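Worksheet: the structure to be examined is printed underneath.
The values are calculated or read from the model by the stated rules, or taken from the named source; none is laboratory data. All figures in this text were calculated on a predicted structure; none of them were measured in a lab. Heads up, the Cβs are rebuilt from the backbone with ideal geometry, glycines too, and the neighbour counts pull from every protein chain shown. Ligands, DNA and RNA are stripped out before the accessible areas are found, and what is left, the full protein with its side chains, is counted by its heavy atoms. Shrake-Rupley method; radii C 1.70, N 1.55, O 1.52, S 1.80 Å.
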Amino acid sequence: MLEQLLIFTRGGLILWTCKELGNALKGSPIDTLIRSCLLEERSGAASYNYDAPGASYTLKWTFHNELGLVFVAVYQRILHLLYVDDLLALVRREFSEIYDPKRTVYNDFDETFRQLRMEAEARAEELKKSKQMVKPVNNSKKQGQAQKAGFDKGNKKREGSSAGGGGDENDEGKGRKLENGHSNGNIFEIDEPRMTAAVNGKENTSSNFSAFDVSKLQKRTKGGKKTDTVVNKGSKVDPKKKVTKKNRVWDDAPPETKLDFTDPVDGNGNENIEVVPASQGESMMDVEEIISSDSEGEEDDNVQKDSKPEATKKGWFSSMFQSIAGKANLEKGDLEPALKALKDRLMTKNVAEEIAEKLCESVAASLEGKKLASFTRVSSTVQAAMEEALVRILTPRRSIDILRDVHAAKEQRKPYVVVFVGVNGVGKSTNLAKVAYWLLQHNVSVMMAACDTFRSGAVEQLRTHARRLQIPIFEKGYEKDPAIVAKEAIQEATRNGSDVVLVDTAGRMQDNEPLMRALSKLIYLNNPDLVLFVGEALVGNDAVDQLSKFNQKLADLSTSSTPRLIDGILLTKFDTIDDKVGAALSMVYISGAPVMFVGCGQSYTDLKKLNVKSIVKTLLK
């Protein structure tokens, strides 16, 4: 049964709801649909599933882009109503005829909806009956006759073999398994050439194999000697000693005596690590980035290139007339060439293919049915809609001002806890030190927590950063429970009055369940203020897999009813990708979390904010 049908404008004004249904929806499925699908450019999807305590809903929707209307139907997921799509199309057609922008009440639409609903239900019933009538009854009969003929043929063959070779051999054949894995009791017909190839003068009497494999025999006969020789070669041990590589000495240059450029050690064995003061240089987080307007001319050139094939197809006069008069309504066929070009462009910028396709579907859904303005090309309209969608996706929907949150936690006399998570080798420890340096510049006291008790050298790496920045570090060594180490670090920071605790964790692949379980325990036990996912800007399609599985594992393995997921993203190695900035879009789209930091170099100052306008221009350039 249909739970609710709703008509509202894109501005959020509700024009009509079905009073007949009047069922109180559990939770807030409409709000969630708007927040999770319509505002995040996921409107190209066919439906949206919403789970609430005691109810599971499916939501379907359609747009009238010219009038700016949204039609949403809600029903119980278990019912699988077949007439909902048809009903939405009928309601859209009828309501658009009586719609007036000045009206806000449409009580007269109740009777129309009742008739439309009965019509849609009747169509669905007719379709159901017609499908039941056209069931392939004859095929089953033919199949049964074919099976019977196969059985008779198999019986005749078996009778012939028993007459020629005796009954014992036939009984033995019943217990044996054929090449298809089934026993002879099932009587499957085998081609004669295959049978003769299988029986190659020798009998396969081993019960471990289902049949005699000819390919293996050929490999053994052809490559048997070769494998023996390889084994014999491998068994020999080279008696020569390992030759040490000597440094090259050029003709005029003096010989190099020192190749070890690590930190020097004094007579007592202590390392003399260079101290980096917080006043050494201003972090790029506090520097405003200026965007050049050089790319506007390039965009116009690209638009003209995209529109050339369309002009040649339709002819010069018709395209000129259409650009002056404007097109009545944009159809899917008009948008496809421009959307395909945009999808290819996004994929060349390292956007995951799945994300690029969903974005194009969403843009098509928002433009279909709209009237094309005069002196406007389809390609430029599509590009403008895509630019708008990208800005909407990349712009954070909540505050990402960490300094404000740090001061709010300080007033409550507790440290602000940030946990850095991610896969192996993305630069979690290095960028943690960059964040620490930026916080020190704003007079915030920081403490590091070495909770990577898995990787060799992780504690020493973090200790080196702590000494250079002259900040305290809490460590317990290796092979300890990281959740307990983090808890003790937070308690230590509370006693010492540290404002921020930066928790370093071990790198882990998204499929490694034991390590993901340990991470879930750490987050559940310590309840950090911010969970930062550290990801490389180099990844393409793998960004979708990493983030979706990280979030999924954190949700599945958490013992809490409301599990903590990823709150923000730190993109590393951003200086190595040139214009391949698509990983930022893929990560934000799949997780809904904003990009809070961007690592763009190897020094402590190389940390900056994500410039949304710059990223969008680069993606569409």
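Sorting 424-434, 41-51 by average packing, meaning the other beta carbons within 10 Å per residue, from highest down gives 424-434, 41-51. A crude spin-label estimate for the pair E492 and K613, with each label 7 Å from Cα along the Cβ direction, gives 4.5 nm. Summing Cβ point charges (Lys, Arg +1; Asp, Glu -1) relative to the Cα centre of the stretch 2-107 gives a dipole of roughly 180 debye. You can think of it this way: the chain between I484 and S56 has 150.3 nm of extra reach, that is 0.36 nm per residue less the Cα-Cα gap.
Solvent-accessible surface of the stretch 2-107, averaged per residue with a 1.4 angstrom probe and all protein chains in place: 48 square angstrom.
Go ahead and run the numbers for FRET between S561 and R398, Cβ-Cβ distance against an R0 of 22 Å, rounding to 0.05. Plugging the Cβ-Cβ distance into 1/(1 + (r/R0)^6) gives 0.50. Derived from the Cα gyration tensor, the three semi-axes of the equivalent ellipsoid of the stretch 371-449 are 42, 18, 10 Å, largest first. Probing with 1.4 Å while keeping every protein chain in the model, the per residue accessible area of the stretch 326-394 equals 44 Å². Taking only the alpha carbons of the stretch 362-407, we obtain Rg and Dmax values of 16.8, 53 Å in that order.
Taking 0.36 nm per residue of separation and subtracting the Cα-Cα distance, full extension of the segment from N49 to V275 would add 75.9 nm. Within 15 Å, Cβ to Cβ, of Y478, how many net charges do the neighbouring residues add up to if Lys/Arg are +1 and Asp/Glu are -1? Residues close to Y478 contribute a combined charge of -2. Taken one residue at a time, the phi angles of the stretch 418-425 give Karplus couplings (6.51, -1.76, 1.60, θ = phi - 60°) of 10, 10, 9, 10, x, 7, 5, x Hz. Gly and Pro are set to x.
With a Cα cut-off of under 29 Å and a minimum spacing of 8 residues unless on different chains, the lysine pairs in the stretch 1-136 number 8. Spin-label model, E97/L25: points 7 Å from Cα along the beta carbon direction are separated by 2.7 nm. For T572, the amide hydrogen comes within under 5 Å of the amide hydrogens of G535, E536, A537, G599, counting only partners 5 or more places away or on other chains and with H modelled in the peptide plane. When both the stretch 41-120 and the stretch 434-462 are represented by their alpha-carbon centers, they are found 52 Å apart.
Annotation: amide H of L15 within the under-5 Å range of I7, F8, T9, sequence separation 5 or more or interchain, hydrogens built in the peptide plane. Rounded to two decimals, the Cα radius of gyration of the stretch 402-620 over 2.2 N^0.38 Å is 0.97.
Computed from the C-beta positions of S548 and D108 and an R0 of 45 Å, the FRET efficiency is 0.45 to the nearest 0.05.
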